[in-house]
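This report concerns only the one structure given below.
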Amino acid sequence: MLSPTVVLTAVCLYLGFLILIALWVERRTAEGKSPANNPFVYSLSLAVYCTAWTYYGSVGKAATSGILFLPIYLGPTVFIALWWIVLRKMVRLKNAYRITSIADFISARYKRSQPVAAIASIVAIVGILPYIALQLKAIISTFSMVTAQGLSDPTTSHVQGIWLHSHVGIIIVALLTAFTIILGVRRLDPTERHEGMMMALAVECVVKLVAFLAAGCFVTYFLFDGFADLFEQFAASSLKDTLTSWADEPSGYFTWMSYFILSMSAILFLPRQFHVAVVENSDERHILTAMWLFPLYMLLINIFVFPIALGGLLMGYAAGDADRFVLLLPMRYVRPWLTLLVFIGGFSAAAGMIMIASVTLATMTTNHLLLPLVEWVNWLNFMKRHLLKCRWAAVAGLILLGYGFEEWIFQPYMLVSIGLISFAAVLQFAPAILGGIFWRRANTEGAILGLSAGFLVWCYTQMLPSFVRNGWLSSSLLEAGPWGIGLLKPEQMFGIEGLDPLSHTVLWSMLFNVGFYFVGSLFFQETNEERSLAEDFVGALNVGPPMQRTRHREAYINLEAKKTEIVTLLAQYFADAEATAVFKRSLGETGIREAKQISIEQLVDLHGAVEKYLAGAIGSAAAHKAMQQGTVFSPRERQELTEVYGEILADLKVSPTELKSKIDYYQERESLLMDQARELEEKVRELEREIGERKRIQSVLREREARYRELVETMNEGLELEDDRGIITYVNDKLCEMWGRARDEIIGRKVEDFIDRSQLNMLLEKMSSKLTGEIQSYEATWENREGQKISTLVSTVPILDEQGSLKGSFSVITDISQLKMLEREKANLVSMFAHDMRSSLTGIHGLGLRLFNKSDSLDDEKKMEYLRIINQEAAKLEALVDDFLEFSRLEVGKLKLNFRAVSLDKELLELFEAYRLRASMRGLNLEFRIEDPLPIIEADLNRLRRVFTNLLDNALKFSTEHGTIKMTSEETDDEIIVRISDDGVGIDARELPYIFDLFHRGQHDQKKDGYGVGLATVKAVVEGHGGRVQVTSELGKGSVFSVFLPKPRKTHRE
Amino acid sequence: MKRLCKLLRQQEFHVLFFAAGFVLFNWPLLTLFDLECAFLFAAWAVFIVILLLIGTSRLSSDSRS
């Protein structure tokens, strides 16, 4: 009827159409407008449950056992009533743990145990491979059917047709492998959601429903006159009794219930159903639509099962061919388009199952079998980076294995039998999953024991008989049991007879599975982690107030270091760019994208987000293990983590009922927490003590630092700090002032930049000796900004580290310019004094000798002249000596004053009289003015007179011709002020601060007599009287000296 | 109607409904259908209608909240 080429072309076009739809959906999803994200696509995709087994096998079952095919669909419909409780919980847990497969789900509940995941994966693979084989068998056999007549068509290339016909199996395997990889495993998706694949699946489900309904309508309304006609003909035939005979058998209803229970479990626990219902769910509200739409789909696809079966039988086909009735009837009446449509419908049913099953089994194979192996065998480590290629290989391998099963093992079985074997295998997941989400005591050991026991019983009661029927094992095994032990007959274990093989498997596998699961869970103690996971899984639907965040903790963990650690871990599984992208996404999810340092809670959140992404790619068990191995907590992080855990546990609030059920757990937890709290309290006390001590030390240090800083900043010496390279790192204000530069101009440069060039070699020599660690003291001359030389005394102290290496140095620089100048002046003065003494003594000595030797020859007048000169020189010497005695007293601070009542008016008037003549002789005008009579004061008259004579002498000395000298007096409430002013040469402003210093002689003094003792004496005497002396002067305009003498408390007016 | 919707939304009702379905479609109540395909399909359809009511009542309640 149809040529192989046409059919194969139709298949290719159909697959291409599905791929285009999937790619379009993926593009729209990337744009944020996913057409697959709606409840109808979700509900339709669940119809992957209706495989070729439903499409062809239900008719076969109906033709042999009547309505016994119905529990396969009634069971799921009834179980769906609980989906809002069970499936919703599973979806929430999937979102929380990024579950990727049913094995991943079971392992996530049981301590993320890799053995649990591996056992579940093995159960799924071994259980589902026959199912994949079943689908391939359906495609290959129906292809042969629809093309068998086409081979004899003379218009078709005969050779090509025969070749296609004989290689159809491997061609279909190749096509389906490519189709599955393109739609389901094209890339490693951390979310493991495939919107494109789901849409393609939904379309396939619509196609198979439409095709089956078309076939049903054709049989019911074209071959017969509707349902009534069909059922009337059926009632009139002898077939009715045949089809209801199963109910008369003792185990008939037991078989019905077995199918019912198996299908209830299969609708959610078949790996492909779990994948579509749980992993691909994007919104838990979609479940509510699926709860009625999916059962409606099953109702519709089954509505014509019985009519087609009856139609085939009424037309004389054998019941053994009933699996093919759906195709045989359209073919018999030569309806090529209908035949092709029905074939494509059947192909859709099979291809959808193969695609989803191989994707989810490949995920399990790589995540739960391959990765643990890679972890175990070091040299396989490179495979982590080729996870995607491994999945491709797994998909191809699984489909090929299914093909192998179809070719060599299950030939004797009918389609329904093969499907139910798989149902019985996945039933083994039910206790572990349902117990895991509803029973808190369930633990890993119980799950491992239950799963293993149930699976072994399944192998023993289902697989072993199939091997016997294939002739691989002796039939005596079934007839007499192993070693002749009748109680161990695989199909009649412990002597139970009368059950069909499937019901037998269901009974014993569940007894063993549930029994070991409960006993194991009760026998072994669950760990804290298991308790926590049990709380999460059992209470997944509890919507309580959000858990309070624990108290705010310090963000001290360097995120950059953690990034390196995490990206290195991710790079074991992803390409480098993708690893970085996953890390960034995790940062964004945790809300710490901009942070530099993070707290322990943020680190835990980050680890959680990374683990979720990783779990999406490699499964939660492998991800958990990878995170444990790849991330490191410092001791402080571990300590804080313990605290956070304690706080979270303390914040847990439950209802009284829940509390009662969890009382043992909480008592133990309380005991643990109490122990922990005691340890923590002790540590906190210790920490508080340490913190107190540190605070005290810090306070002392701060105080000292402030003191030293103030000292350094206010000290009269310059201070500079250098690093080990001689670069100045600190200078105080005094040094800035000394060098006449801003701080910024000095810091960062070397001291050599400021030294007088002539001393550079000396400085470098001194500085090189710093390396020996010796303190160096030397004189150095610096240049300030104006080029002025500053003489200093430098003390440099090297700073060495514990190994004796130079870390830097500091130098204290004392300005000795003034001292140097005084030294020079003192030297000059002594020289001048000696010279003056020598002149006077030479004069006296010479004149004395002349008088002694020539006294006879000299007349009296000459003698008198000589004696006058001698007397004059002697008086000069006496005055000179007095000055020096005064100087010596001033210098050693031994100036003694002889106080008595003194009338200052009178003394000043006498002085005025004495000096008026001398002034007029020099052409000067001396004025004297007293505002008011001055009070009697206590003073040393002689010393005070010396003060005013010194000041008047200076005024006379430095006045210019015809100048005026004024002497005035006044009084304030506290003081008597005497001012002596002149309009002479004045004093340079730069000299003013020093003119009262001992031996200081101004520029003008250099040309005049004097030793720089007079004004120093004035200052010392006035201060000895408790007063003070001031000077104001302007160069070229004269000077004013003011003497402030304190008034006695009780004054005596004359 | 409000009370019916409230009843349909309760999880206890879901469990009860599941139990009822399990009992209805298994021995011995299954014999009430006299193994007639039409009766079973009718019961199946009624079951689906109730599932539809459960779904829609939940959805409307969710959308209101």
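Quick note: the coordinates plus some simple rules give every number you see, no bench work behind them. What you are looking at is a predicted structure, and each value in this text was computed from that prediction instead of being measured. All Cβ positions, glycine included, derive from the backbone under ideal geometry; neighbour counts span all protein chains shown.
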Check your understanding: Which percent of Cα pairs goes in each bin when the distances of segment A:7-156 are cut into 10 angstrom slices starting at zero?
Key -> 8, 21, 32, 27, 9, 2, 0
Check your understanding: Rounded to the nearest 500, what is chain A's calculated 222 nm mean residue ellipticity when only DSSP H runs of at least 4 contribute -39500 (n - 2.57) each, over all residues?
Key -> -20000 deg cm²/dmol
Revision key, fill the gap. per DSSP, antiparallel bridges as share of beta bridges in chain A, % nearest 5, sits at 90 percent
Point to revise | Cα-Cα over 19 Å, subset of A:Lys384/A:Lys612; A:Lys770/A:Lys820; A:Lys384/A:Lys596 | key: A:Lys770/A:Lys820; A:Lys384/A:Lys596
Revision key, fill the gap. Rounded to two decimals, the Debye log10 I(q)/I(0) of segment A:290-367 (Cα scatterers, no solvent) at q = 0.19, 0.23, 0.26, 0.27 Å⁻¹ is -0.94, -1.10, -1.19, -1.21
Exercise for review: Normalising by the residue count of chain A, find the relative contact order in percent from Cα pairs under 8 Å and 6+ residues apart.
Suggested key: 11 percent
Study note, to complete from the structure: Most fluctuating of B:Leu53, B:Leu24, B:Leu32 in the GNM of chain B (C-alpha, under 10 Å) is B:Leu32
Review point. In peptide A:291-302, what is the residue-averaged number of other protein chain Cβ atoms found within 10 Å of each Cβ?
Key: 4
Revision key, fill the gap. By the Cα gyration tensor axes a ≥ b ≥ c (a/c under 1.5 gives rounded; else a/b larger than b/c gives prolate, otherwise oblate), the shape of segment A:190-234 is prolate
Exercise for review: Report the dimensions of segment A:729-853 along its three principal axes from the alpha-carbon atoms, largest first, rounded to Å.
Suggested key: 83, 34, 23
Exercise for review: Would you work out which of A:Ala879, A:Phe438, A:Leu841 lies farthest towards the positive end of the dipole of the protein assembly as shown, given +1 charges on the beta-carbon of Lys and Arg and -1 on that of Asp and Glu, about the Cα centre?
Suggested key: A:Phe438
Revision key, fill the gap. Those GluC sites (Glu not before Pro) from segment A:562-627 that are DSSP loop and have at most 13 other Cβ neighbours within 10 Å turn out to be A:Glu594
Exercise for review: Report the FRET efficiency, 1/(1 + (r/R0)^6), for A:Ala834 and A:Glu783, where r is their Cβ-Cβ distance and R0 is 41 Å, rounded to 0.05.
Suggested key: 0.70
Practice item. Can you tell me the 0 to 90 degree angle between the C-alpha axis of helix A:817-853 and the longest principal axis of chain A, rounded to 10? Key: 10 degrees
Practice item. Using +1 at the Cβ of each Lys and Arg and -1 at the Cβ of each Asp and Glu in the protein assembly as shown, identify which of A:Val1043, A:Asn761, A:Thr564 lies farthest towards the dipole's positive end. Key: A:Thr564
Check your understanding: What do you get for Rg/Rh of segment A:246-344 when both radii come from the Cα atoms and Rh is the Kirkwood radius?
Key -> 1.08
Exercise for review: For an R0 of 22 angstrom, estimate the FRET efficiency from the Cβ-Cβ distance between A:Phe17 and A:Trp163 and round to the nearest 0.05.
Suggested key: 0.30
Point to revise | In Hz, Karplus ³J(HN,Hα) per residue of segment A:934-940 (6.51, -1.76, 1.60; θ = phi - 60°; x = Gly, Pro) | key: 8, x, 6, 10, 8, 7, 8
Review point. So how far apart, in nm, are the two label points at A:Thr972 and A:Phe523 if each is 7 Å from Cα heading toward Cβ?
Key: 10.9 nm
Point to revise | A:Ala901/A:Glu713 FRET efficiency (R0 45 Å; Cβ-Cβ; nearest 0.05) | key: 0.35
Revision key, fill the gap. Computed over the protein assembly as shown, the Cα gyration tensor eigenvalues, each multiplied by 5 and square-rooted, give semi-axes in Å (largest first) of 121, 30, 27
Practice item. Work out, step by step, the length gained on full extension between A:Met864 and A:Val210: first 0.36 nm times the residue separation, then minus their alpha carbon distance; give nm to one decimal. Key: 219.2 nm
Exercise for review: Could you tell me which of the pairs A:Lys111/A:Lys683; A:Lys584/A:Lys625; A:Lys876/A:Lys1019 are separated by over 28 angstrom between their Cα atoms in the structure shown?
Suggested key: A:Lys111/A:Lys683
Review point. When we measure straight from the Cα of A:Lys89, which aspartates and glutamates land under 14 angstrom away, once same-chain ones fewer than 8 places off are left out?
Key: A:Asp283, A:Glu284, A:Glu535, A:Asp536
Practice item. Using amide H atoms built 1.01 Å from N in the peptide plane, name the residues 5+ places from A:Leu926, or on other chains, whose amide H lies under 5 Å from its own. Key: A:Ile965
Practice item. May I ask for the distance between the Cα centers of segment A:247-288 and segment A:914-986, given as a whole number of Å? Key: 128 Å
Revision key, fill the gap. In degrees, nearest 10, the alpha-carbon axis of helix A:4-30 is tilted away from the dominant principal axis of the alpha carbons of chain A by 30 degrees
Check your understanding: For A:Leu760 and A:Lys683 in one chain, what is 0.36 nm times their gap in residues minus the Cα-Cα distance, to one decimal in nm?
Key -> 21.7 nm
Study note, to complete from the structure: Computed from every Cα-Cα pair in segment A:485-602, P(r) in 10 Å bins starting at 0 and rounded to whole percents is 10, 19, 19, 18, 14, 12, 7, 0
Review point. Between A:Asp953 and A:Asp229, what length comes free when the chain is fully extended (0.36 nm per residue of separation minus the Cα-Cα distance, one decimal in nm)?
Key: 244.9 nm
Review point. What is the spin-label model distance, in nm, from A:Lys33 to A:Arg725 if the labels are put 7 Å beyond Cα along the C-beta direction?
Key: 6.2 nm
